[in-house]
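Here is the structure we will look at.
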Amino acid sequence: MPSIQRLRERLPLIVFFFLLIMLVMLVGVACACLSDHPMQALERALSAIPTLPALVVVWTFAAASLLTVSALVGSRRPAVERASPALLQRFLF
């Protein structure tokens, strides 16, 4: 199993956070379903829906936070100078 540090080096930061959030959600669902009868957990989850914020608010917050993070992180600019021979031959077989 690969270590988290090696996984973070290969994945962009946002993808790493999304995977981490998905893992935490899966563990939460598994714990909720294993501790009670599955239908009781489902009824409890469905009864909590009216107390949640509107979907428009959640998506607006998610989109705004993703735009903010992408603006802060910035994109990598391509190199202006000529690439080294080792870099040019990287994909040759």
Label-to-label distance, nm, for residues given as Ser84 and Thr60 (7 Å Cα→Cβ offset): 5.0 nm
Inter-label distance for Gln5 and Ala45, nm, one decimal - labels placed 7 Å from Cα along Cα-to-Cβ: 3.6 nm
Directionally averaged projected area (convex hull, Cα atoms, segment 4-73), nm²: 6.4 nm²
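Bear in mind these aren't lab numbers, they're just calculated from the coordinates by the rules spelled out. Owing to the predicted nature of the structure, the values given are computational and were not obtained by experimental measurement. All Cβ positions, even for glycine, are placed from backbone atoms using ideal geometry, and neighbour counts span all protein chains on display.
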